[in-house]
Amino acid sequence: MKKILYVMFVAAMIAGCNENKSYDSVDAARFAEVIADEEVQIIDTRTPEEFNSGHIPGAVNINIDGEDFEARISELDKSRPVAVYCRGGRRSKEAADRMVGCGLNVTELSDGILSWDGEIEK
C-alpha cells in the first residue's frame, strides 16, 4: 500500500512539473557569486560516488539518474533560488530544464565542476 501511495505521489509531482521556463547558464565566476547568497539551494546532480569524491561546500546530492529525482526536486523550496551543477554540464542542463518545469528559479554551472576553481569539500 505504501508503494502505491508513493508512486501516486511521484506521478502527481511529475504531472505538476510541466511549466515551460528557462534558466541561467553561467560560468564558474558568476556561479560563485550566485552561491554566495545563503538563500541559494546548491544541488549536485552527479552520482553519490562522484559527490563523495568532492563537491562544492553546502551542496546537496540529488542524482539526476536516481529513481527519486523528481520527488526530491519537488521537495525543494520554490521561494528560494537553486544553483545546480554536475561534472561537465550535460546532466545539470537536463536537471535545470526539469527543475524550472517545477517552478524553480535555477542557475546552472555551464561547464560543471570541472570548471570550478573554488573550494571543494570531501
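The values are calculated or read from the model by the stated rules, or taken from the named source; none is laboratory data. None of these values were measured; they are calculated from a predicted model. When we count neighbours, we look across all protein chains shown, and the Cβ atoms used for this are built from the backbone with ideal geometry, even at glycine.
From the list Arg98, Arg80, exactly one residue is over 15 Å from Val34 (Cα atoms) and charged (D, E, K, R). Which is it?
Details: Arg80 fails: over 15 Å from Val34 (Cα atoms).
Matching residue, one of Arg98, Arg80: Arg98.
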Task: Of all residues in the stretch 58-98 being in a helix (DSSP H, G or I) and touching a Leu at 6+ places or on another chain (Cβ under 8 Å), the one that is farthest from Glu121 (Cα to Cα) - done: Ile73
- [ ] Name every residue in the stretch 1-40 that is modelled with pLDDT of 55 or more, under 16 Å from Ala71 (Cα atoms) and surrounded by 15 or more Cβ atoms within 10 Å (Cβ to Cβ), in order of residue number.
- [x] Cys17
- [ ] For the stretch 66-102, enumerate the residues that are in contact with a Lys or Arg (Cβ under 8 Å, 6 or more places away or on another chain) and either among the basic types (Lys, Arg) or exposed (fewer than 15 other Cβ atoms within 10 Å of the Cβ) (or both).
- [x] Gly66, Arg87, Arg91
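Identify all residues within the stretch 35-57 that are outside any strand (DSSP E or B) and in contact (Cβ under 8 Å) with a residue 40 or more places away in the chain; write none if there are none.
Those that are outside any strand (DSSP E or B) and in contact (Cβ under 8 Å) with a residue 40 or more places away in the chain: Ile35, Asp37, Glu39, Val40, Thr45, Arg46, Asn52, Ser53, Gly54, Ile56, Pro57.
Scan Asp111, Asp65 and give me the residue that is touching a residue at least 12 places away in the same chain (Cβ under 8 Å), over 15 Å from Ile35 (Cβ atoms), in contact with a Gly (Cβ under 9 Å, 6 or more places away or on another chain) and among the acidic types (Asp, Glu). Walk me through how you get there before you give the answer.
Working: Asp65 fails: in contact with a Gly (Cβ under 9 Å, 6 or more places away or on another chain).
When all the criteria are applied, what remains is Asp111.
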